[in-house]
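Q: Please read through the structure below; I'll follow up with questions.
The values are calculated or read from the model by the stated rules, or taken from the named source; none is laboratory data. From a predicted model like this one, the values you see are computed outputs, not experimental measurements. Every residue, glycine as well, gets a Cβ built from its backbone with ideal geometry; the counts of neighbours run over all protein chains shown. Protein only, heavy atoms only, side chains kept; ligands, DNA and RNA dropped before computing areas. Shrake-Rupley method; radii C 1.70, N 1.55, O 1.52, S 1.80 Å.
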Amino acid sequence: MDSRRLVTTRRSVVGGIATAAASLAFPRPSIAQSSARVVVIGGGFGGAACARALRKTDAKLQVTLVEPNRTFTACPFSNEVIAGLRDIEAQQFNYEKIAAAGITVVAQAAARIDSQARTVGLADGTSLGYDRLVLAPGIDLNFDALPGYDETVAEKMPHAWKAGEQTLLLRRQLEAMEDGGVVVLAVPAAPYRCPPAPYERASLIAHYLKARKPRSKILILDAKDAFSQQRLFENAWKEFYPGMIERISLSQGGRVVSVEPATNTLVTDFGNYDAQVVNVIPPQKAGRIADVAGAVDKTGWCPIDPATFASKLVPNVHVIGDACIGGGIPKSASAANTEAKACAAIIAAQLTGTTPAGTKLEGTCYNTVAPGYAFSLSGTYQPRDDIFAEVEGTGFTSPVNATREVRKREADQAQAWYKTITVETFG
Ligand SMILES: Cc1cc2nc3c(=O)[nH]c(=O)nc-3n(C[C@H](O)[C@H](O)[C@H](O)COP(=O)(O)OP(=O)(O)OC[C@H]3O[C@@H](n4cnc5c(N)ncnc54)[C@H](O)[C@@H]3O)c2cc1C
């Protein structure tokens, strides 16, 4: 089978299946001597980077990437799209270069996993065999954890926590809002995708409103007391958007317990809040296919051995990205990317019977508060007990009293980071 192509038709997928089925019918040579089959589910920051890194590490590996969408829409910088600072096209990537790198890209959703037979069932009823499976399905929104909120209600009260149409919907709602309106953001308790992103979003919405609808206000209803880079955000809000952003923390009654879409109302333990624009960021969990695979525990996320990313619940399965329980390393594209590369190196080493190098992850997260003004958080992480823990002395947070030049430099670095990570992931 020519793996250098983008598999887009049922026919060509079936061709791939025939090959996979034939290889199962004969005694398999030892994996060390053959081209082992690695299937990666999810073509986002974790999965696509892992597929590429696997091929790069060992060109003999048969790597298949399973992803239903032909266009991936990235979340990092999507808050700028919401604020009208950037077009959605700057967020979008396809899989052509990944296919050109020798990876078989299957444009299907994975629907079933049989860990005994080591097969992935696809949405069209066909299946793929694997020696190793990497799960990188990202998050699903946990609608069960927020009464009143579901996919239909999200058409009225967008989450915009998976980038794409939801991002544009929130932008349109802000554009349609009258000056003097209130925008409410409901922020969940940790863990969730990209801990500082709700506060970056509030900042950039404030930037938009300050220029276009200056009598408007933003209210953050938060299910936490403290948040990542809080002082940096709050100082910047005072400087750029005085009086525009109010935050009600958990202990002040900020946790949203249900949603009433008919009146655009958010209900907390201490009172109800109506607004013209309501951005509900609901609690989250690992992407559903991880649950179907049996890789999810009662937390809603996937426990792994951090030294190998191996699922603690399903053999021959590795989990990376937002779906896994990472511990100290925040759920981010940066984390998914570093996990992807480390996981690829481990799988390649294990399949050839060599000893993988110790896992060391590095991540950096940038937050933009206004155009040309950003700050960052970075660290190095290593396995400790069951999670990744920050290596002492490696954590860096931008100083609270940095000059405008430093903030501008960090904003430029954020742009460069996005370019690097997306080229590394999608080519
Ligand atoms: C507003 C916002 C801003 C952010 N900003 C930043 C930032 O500045 N820096 C940063 O590092 N991170 C940022 N993030 C976080 C970042 O987007 C995620 O952490 C990252 O995308 C996680 O990568 P992933 O591979 O785990 O999941 P994803 O990138 O979401 O990829 C998952 C993929 O799996 C696919 N999939 C799901 N189910 C199946 C299935 N059954 N079969 C096949 N495929 C499937 C999906 O279609 C998707 O393409 C931000 C997030 C948000 C919401």
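Q: Restricting to the range 216-253, count the residues that are buried (at least 17 other Cβ atoms within 10 Å of the Cβ), more than 22 Å from the chain's Cα centre (by Cα) and at positive phi.
A: Residues flagged as buried (at least 17 other Cβ atoms within 10 Å of the Cβ), more than 22 Å from the chain's Cα centre (by Cα) and at positive phi within the range 216-253 amount to 0.
Q: Among the residues of the range 152-165, which ones are open to solvent by 50 Å² or more (accessible area, probe 1.4 Å) and within 12 Å of the ligand (Cβ to nearest atom)?
A: Hit for the range 152-165 is K162, nothing else.
Q: Further, regarding this structure: Could you please give the count of residues in the range 197-215 that are crowded, with 21+ Cβ neighbours inside 10 Å and touching a Phe, Trp or Tyr at 6+ places or on another chain (Cβ under 9 Å)?
A: 9
Q: Select from the range 91-144 the residues that are small (G, A, S) and either within 15 Å of the ligand (Cβ to nearest atom) or assigned to a helix (DSSP H, G or I) (or both) and list them in ascending order.
A: A99, A100, A107, A109, A110, A111, G121, A123, G125, S127, A136, G138 - these are the residues of the range 91-144 that are small (G, A, S) and either within 15 Å of the ligand (Cβ to nearest atom) or assigned to a helix (DSSP H, G or I) (or both).
Q: Do we have Q230 as away from the ligand (no atom under 16 Å from the Cβ), within 27 Å of A335 (Cβ to Cβ) and modelled with pLDDT of 95 or more here?
A: Against the criterion (away from the ligand (no atom under 16 Å from the Cβ), within 27 Å of A335 (Cβ to Cβ) and modelled with pLDDT of 95 or more), Q230 qualifies.
Q: Moving on to the next point. Quick check: anything in the range 25-38 near the ligand (Cβ under 9 Å from one of its atoms), modelled with pLDDT of 95 or more, assigned to a loop (DSSP other than H, G, I, E, B) and touching a helix residue (DSSP H, G or I) at 6+ places or on another chain (Cβ under 7 Å)?
A: No - not one qualifying residue is present in the range 25-38.
Q: Given the residues V296, V319, V292, which is the only one that is open to solvent by less than 10 Å² (accessible area, probe 1.4 Å) and modelled with pLDDT of 95 or more?
A: When all the criteria are applied, what remains is V319.
Q: If you don't mind, there's one more thing I want to ask. Among the residues that make up the range 311-334, is at least one of them without any contact (Cβ under 8 Å) to a residue 60 or more places away in the chain and under 25 Å from A83 (Cβ atoms)?
A: Among the residues of the range 311-334, not one is without any contact (Cβ under 8 Å) to a residue 60 or more places away in the chain and under 25 Å from A83 (Cβ atoms), which makes the answer no.
Q: In the range 254-266, which residues are free of Cβ contacts under 8 Å to residues at least 24 places away in the same chain and either open to solvent by 10 Å² or more (accessible area, probe 1.4 Å) or in contact with a helix residue (DSSP H, G or I) (Cβ under 7 Å, 6 or more places away or on another chain) (or both)?
A: Answer for the range 254-266, where residues must be free of Cβ contacts under 8 Å to residues at least 24 places away in the same chain and either open to solvent by 10 Å² or more (accessible area, probe 1.4 Å) or in contact with a helix residue (DSSP H, G or I) (Cβ under 7 Å, 6 or more places away or on another chain) (or both): A262, T263.
Q: So, one more: Filter the range 303-331 down to the residues that are in contact with a helix residue (DSSP H, G or I) (Cβ under 8 Å, 6 or more places away or on another chain) and over 24 Å from R55 (Cβ atoms), then identify the one that is nearest to the ligand (Cβ to nearest atom).
A: K331
Q: Do we have A336 as aliphatic (A, V, I, L, M) and open to solvent by 10 Å² or more (accessible area, probe 1.4 Å) here?
A: no
Q: Follow-up. Please find, within the range 86-140, the residue that is surrounded by the most Cβ atoms within 10 Å (Cβ to Cβ) out of those that are touching a helix residue (DSSP H, G or I) at 6+ places or on another chain (Cβ under 8 Å) and on the phi > 0 side of the Ramachandran plot.
A: Among residues in the range 86-140 that are touching a helix residue (DSSP H, G or I) at 6+ places or on another chain (Cβ under 8 Å) and on the phi > 0 side of the Ramachandran plot, the one surrounded by the most Cβ atoms within 10 Å (Cβ to Cβ) is G138.
Q: Go through the range 166-196 and give me each residue that's in a strand (DSSP E or B) and open to solvent by 30 Å² or more (accessible area, probe 1.4 Å).
A: Hit for the range 166-196 is V182, nothing else.
Q: Further question: Among the candidates A83, A59, A74, which residue alone is open to solvent by 20 Å² or more (accessible area, probe 1.4 Å) and either more than 9 Å from the ligand (Cβ to nearest atom) or under 17 Å from the mean Cα position of the chain (by Cα) (or both)?
A: Only one candidate passes the filter, namely A59.
Q: Further, regarding this structure: Taking the range 221-253, which residues are assigned to a loop (DSSP other than H, G, I, E, B) and touching a helix residue (DSSP H, G or I) at 6+ places or on another chain (Cβ under 7 Å)?
A: Selection gives A223, K224, D225, F227, Y241, M244.
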